[in-house]
1. Kindly state, to the nearest 0.05, the FRET efficiency for Thr99 paired with Ser354, given R0 = 56 Å and r defined as their beta-carbon distance.
2. With θ set to phi - 60°, apply the Karplus curve 6.51 cos²θ - 1.76 cosθ + 1.60 along the range 128-137 and write out the HN-Hα couplings as whole Hz, x wherever there is a Gly or Pro.
3. State, to one decimal in nm, how far the label point of Ser54 lies from the label point of Lys223, with both points 7 Å from Cα in the Cβ direction.
4. Which value in nm describes the separation of the simple spin-label points at Glu14 and Asp370, placed 7 Å from the Cα toward the beta carbon?
5. Amide H of Met188: which non-local residues (sequence gap of 5 or more, or other chain) have their own amide H closer than 5 Å, using H built in the peptide plane?
6. At a threshold of 8 angstrom on Cα-Cα distance, excluding pairs fewer than six apart, so keeping six or more, what relative contact order does the range 310-399 reach in percent?
7. Measuring from centroid to centroid over Cα atoms, what is the spacing of the range 330-399 and the range 161-182 in Å?
8. Suppose every K and R has +1 on its Cβ and every D and E has -1 on its Cβ; what is the size of the dipole of the range 76-196 about the Cα centre, in Debye to the nearest 20?
Amino acid sequence: MKKFDIVHYDRKKEHKKSLEHLNLQVAEKAHHFHSSFDAYQVTPLVNLKQLAKSLKVKDIYVKDESYRFGLNAFKVLGGSYAIGNYIAEKLGKDIGELTYQDMISDEVKKELGELTFISATDGNHGRGVAWTANKLKQKSVIYMPKGSSTERLENIRAEGADACITDLNYDDAVRLANSHAEENGWVMVQDTAWEGYEAIPNWIMQGYTTMSYEIYMQLGEVKPTHIFVQAGVGSFAAATQGFFASIYGEERPITTIVEPELAACIFKTAKAGDGNIHPVTGDMNTIMAGLACGEPATIGWEVLKDYSDNFVSCPDYVAAQGMRILGNPMFDDPRVIAGESGAAGFGFVSEVLSNPELDYLKEILKLNEDSVILFFNTEGDTDQENYRRIVWDGIHPRT
């Protein structure tokens, strides 16, 4: 039995990174912008009561982003908010003053002229950027890393984007997109941050807080004891961590960052603990395509290193197992269709709670019968062929 790699950070009494950019007021502003779109609806927060009873915890909640804007994934929240902020800045306004209807008005279109937004993506982020550009009557160019799903490519093209699959890995595709943005005067919309490129990634993180804000409102008086959030470059994880740490302070839930072992750049950085970013290189051939990122976002890592409790790297079978369990609910629990990246955090915990050989992890994570656990299904079956292959044919435990 392979042991999972885990890094535990002791909680600090003093934190270096301010959370003012991810607090409740920021989330309310992001939510106000997103809710102005005609397609906006609050996504479900499902309570898997029967599964929680079976796994001997108090409650299991899953935020199901497969319903987000009809795009089957959460990523549009970040890309749309970044584009909205960019346009607001061009107009000399605050995004709080603008709605979707304002941005598609003839007056605004005339003032802005034609803009082109460019990004690199495994699928979900690029589709969100393309969808937003299309809705705002602008253009988009999207590059995808080698091995990307043709179904995801066609979904991006269906939103009007000029999109293609490159022969590069994700991080090199980002560099290609950035070089073309600089050459052509296009707007780079990427959640990966680096020196000199932080404003748009920060807006993307803030856009993701809409999801946490909805959860906060949906939970009401219920407070999670544990949050498990999956990470690629870490922007979504940092947005989630930052929001809940801002809300609850030192009483915040125990938060664990989950990554695929073949692309565990945040885990690797956390483990080194030397203040430097430690990228993962190579092809990163994990089924969790949305998490196959080799370089942590610098602004995201600043939040994660100060406020997260645990960092875990997991084999692919964990995500596959999570997909099968969520898609085949116990008794009257709701069904959740989760893609490979969407099931990563849940799959990890279900394995920990059901496998006696992993009791050591239950102790480290402080999971017990009083635990109220929050997960994020960040994508549905965005690659339906691959979803069926995994769920029907299987990537089986401990192989």
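1. Plugging the Cβ-Cβ distance into 1/(1 + (r/R0)^6) gives 0.75.
2. These are the phi-based 3J(HN,Hα) values: x, 5, 5, 4, 5, 4, 5, 4, 8, 6 Hz.
3. Reported label-point gap for Ser54 and Lys223 is 3.1 nm.
4. Calculated label separation equals 3.1 nm.
5. For Met188, whose amide H was placed from the backbone, the distant partners under 5 Å are Ile118.
6. 38 percent
7. 32 Å
8. Charge dipole, the range 76-196, about its Cα centre: 300 debye, nearest 20.
Every number in this text was worked out from the coordinates using simple rules, so none of it is lab data. Remember, it's a predicted structure, so these values are computed and weren't measured experimentally. No Cβ is skipped: glycine too gets one built from the backbone with ideal geometry, and neighbour counts run over all protein chains shown.
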